[in-house]
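**Student:** Below are the structure tokens for one structure; questions will follow.
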Amino acid sequence: MLNKSIKYILKNINNHGYEAYVVGGAVRNYLLGKDIADFDVTTNALPDYIEKLFEKTIPTGKKFGTITVLHDNNSYEITTFRSDGVYSDGRRPDSVSFLNELKEDLKRRDFTINAMCMDYDENIIDYFGGKEDLKNNIIKCIGNPDERFNEDALRMIRAVRFMTQLRFTIDEETRLSIIKNSHFIKAISIERIHDELNKILLSEKPSRGIRMLVNTGLIDYIIPEYLSSVGFNQHNPYHDKNVFEHVMEVLDNIEPKLNLRLAAFFHDISKPECFTQDENGRGHFYGHHIKSATVTKEIMRRLKYSNDLIEDVSILIRYHYLKEIDMKDKGVKRFINNVGIDRLDDMFALNIADIKGKSSTANFDKVEALRKKCNEIINNKEPLNRKDLDIDGNDLENLGIKKGKLYGELLDKALELVLEFPEKNNKEELTEYIMTLIK
Ligand code: CTP
């Protein structure tokens, strides 16, 4: 398991009379037969000493005992055995004390499966039953879960994330402790939460994690807007599930791309808000796609997603509901423009997953017909927007039209014509048309 490079690091520290072990995720993933992304090392050598032992180092978190060593084009985080002081900001200990004993270092870690280590000879050291919990598929805190979560509240979402990624269950005492301490998540920086949420959403079956965020109450502090959809009856014969169950189905059945998973996760967030019932008691959600897109933007901004991703996801949600799409060419072209050619595949993927998630008898002929129509228009290279017009501002200037707001209005009118009659997209006909407009 240990490659030449990490062996060199461990050996170099050992040769100078200190202990050194690979610890945490690398050992866990090795035992699970998974790929190892990076090797973290724990040692009783002090950070100053590590800096002397290796040629290229970065004092990444020296105050907390961590030095990054660069070797063979890789970087390794080497941390001195430590015990953590109070975590007053819920993120990092205010102070740490360095220790000489491995077991004490392992004791401060989050879960039993993350607290195993491996020495140079590849012997595994497991003081807290990590191997057994791995075998039984259990995420369990080391020692008292309340203490572990009070040290770093993010660990509560990490528990849900590991449970989802590994398809494990959370030990009951640990789960009850998350419920009790869930409010502490408020102290955690949004960036850290957002990273964990992404990992949950990108897992094979994200609904397991989302259900656990709901079950433990963590969602109340992260995305309180989500709560109203849980158990919300749609009173509609085209839906065989409540809003939350429908969303979970869509989420699990869409490709694991972050934009699609986020769009699936949020696509019906405003359904409860838009709910009305007609005289027959049938439920309707008029405008829910528009409202959900707006609310998603607000939530994603709060969760500090990038502007590009926010735009992408909100457009997907805005057009996830194709019921009212006008199938005439002009309408389809407008639709392509609004969604964006590059986003069409994702948009259809979301629509199909959404329809499949409604009921087993759902039919998506309409979506397929629209996809076909879009492809035809794109393959025929038909003009779609102002940029595709065979005239531009310079032509208007040459016609003696004064620069200003009128330019935009005239080009829009020309576009209207061309969307309906693509064959008229040539300078002569468009010039003639413009002249009739300004007469
Ligand atoms: N750790 C912890 N508490 C945290 C974060 C990390 O106790 N809030 C410890 C765990 O022992 C963990 C190790 O630090 O295994 C390394 O943390 P990290 O790199 O974040 O996680 P990995 O376990 O390596 O898993 P992944 O790479 O999937 O995040």
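The values are calculated or read from the model by the stated rules, or taken from the named source; none is laboratory data. All values reported here derive from a predicted model rather than from experimental measurement. Neighbour counts run over all protein chains shown; Cβ positions are idealised from the backbone, glycine included.
Every residue, every condition in (1) in a helix (DSSP H, G or I); (2) at pLDDT below 90; (3) surrounded by 12 or more Cβ atoms within 10 Å (Cβ to Cβ), yes or no:
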residue: Ile317; (1), (2), (3): yes, no, yes
residue: His320; (1), (2), (3): no, yes, yes
residue: Asn351; (1), (2), (3): yes, no, yes
residue: Asp354; (1), (2), (3): yes, no, yes
residue: Ser360; (1), (2), (3): no, yes, no
residue: Lys366; (1), (2), (3): yes, yes, yes
residue: Ala369; (1), (2), (3): yes, yes, yes
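**Student:** Next question, about the same structure. What single numbered condition from (1) at negative phi; (2) touching a residue at least 40 places away in the same chain (Cβ under 8 Å); (3) surrounded by fewer than 19 Cβ atoms within 10 Å (Cβ to Cβ); (4) touching a helix residue (DSSP H, G or I) at 6+ places or on another chain (Cβ under 7 Å) fails to hold for Val339?
**Tutor:** Of everything listed in (1) at negative phi; (2) touching a residue at least 40 places away in the same chain (Cβ under 8 Å); (3) surrounded by fewer than 19 Cβ atoms within 10 Å (Cβ to Cβ); (4) touching a helix residue (DSSP H, G or I) at 6+ places or on another chain (Cβ under 7 Å), Val339 misses just condition (2).
**Student:** State whether one or more residues within the range 334-351 are under 28 Å from His194 (Cα atoms) and small (Gly, Ala, Ser).
**Tutor:** Yes, the conditions are met somewhere in the range 334-351.
**Student:** Starting from residues that are in contact (Cβ under 8 Å) with a residue 60 or more places away in the chain and outside any helix (DSSP H, G or I), keep the ones in the range 199-225 and report whichever is surrounded by the fewest Cβ atoms within 10 Å (Cβ to Cβ).
**Tutor:** Ile223
**Student:** Further question: Restricting to the range 1-31, give me the number of residues that are touching a residue at least 40 places away in the same chain (Cβ under 8 Å) and in a helix (DSSP H, G or I).
**Tutor:** 17
**Student:** Still on this structure, I have one more. On the basis of being farther than 24 Å from Ile138 by Cα and either modelled with pLDDT under 95 or of a type outside the set (Ser, Thr, Tyr) (or both), does Asn29 make the cut?
**Tutor:** Answer is no for this residue.
**Student:** Which of the helices (runs of 4 or more DSSP H) found entirely inside the range 102-175 contain at least 3 residues meeting this: within 12 Å of the ligand (Cβ to nearest atom)?
**Tutor:** 102-107, 145-151, 154-166
**Student:** Let me ask another. Working only within the range 226-244, note down all residues that are assigned to a helix (DSSP H, G or I) and either polar (S, T, N, Q) or surrounded by fewer than 19 Cβ atoms within 10 Å (Cβ to Cβ) (or both).
**Tutor:** Leu227, Ser228, Ser229
**Student:** Now, a different point. Just the residues that are in contact with a helix residue (DSSP H, G or I) (Cβ under 6 Å, 6 or more places away or on another chain) and at positive phi, please, taken from the range 2-31.
**Tutor:** Gly24
**Student:** Right, something else. Could you please find all residues in the range 12-51 being of a type in the set (D, E, K, R) and away from the ligand (no atom under 12 Å from the Cβ)?
**Tutor:** Glu19, Asp48, Glu51
Residue-by-condition table, conditions (1) surrounded by 15 or more Cβ atoms within 10 Å (Cβ to Cβ); (2) at pLDDT 95 or above; (3) in a loop (DSSP other than H, G, I, E, B):
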{"site": "Gly33", "(1), (2), (3)": "no, no, yes"}
{"site": "Ala37", "(1), (2), (3)": "no, no, yes"}
{"site": "Val41", "(1), (2), (3)": "yes, yes, no"}
{"site": "Lys52", "(1), (2), (3)": "no, yes, no"}
{"site": "Val69", "(1), (2), (3)": "yes, yes, no"}
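**Student:** Here is a further query. Identify all residues within the range 307-336 that are closer than 30 Å to Asn233 by Cβ and touching a helix residue (DSSP H, G or I) at 6+ places or on another chain (Cβ under 9 Å); write none if there are none.
**Tutor:** Val313, Ser314, Ile315, Leu316, Ile317, Arg318, Tyr319, His320, Tyr321, Leu322, Lys323, Ile325
Residue by residue, here is whether (1) in a helix (DSSP H, G or I); (2) of a type in the set (A, V, I, L, M); (3) in contact with a helix residue (DSSP H, G or I) (Cβ under 9 Å, 6 or more places away or on another chain) holds:
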{"position": "Glu382", "(1), (2), (3)": "no, no, yes"}
{"position": "Lys387", "(1), (2), (3)": "yes, no, no"}
{"position": "Leu396", "(1), (2), (3)": "yes, yes, yes"}
{"position": "Lys403", "(1), (2), (3)": "no, no, yes"}
{"position": "Leu406", "(1), (2), (3)": "yes, yes, yes"}
{"position": "Asp412", "(1), (2), (3)": "yes, no, yes"}
{"position": "Glu432", "(1), (2), (3)": "yes, no, no"}
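**Student:** Right, next: List the number of the failed condition for Glu196; all other conditions in (1) under 29 Å from Ser292 (Cβ atoms); (2) surrounded by fewer than 19 Cβ atoms within 10 Å (Cβ to Cβ); (3) within 12 Å of the ligand (Cβ to nearest atom) hold.
**Tutor:** (2)
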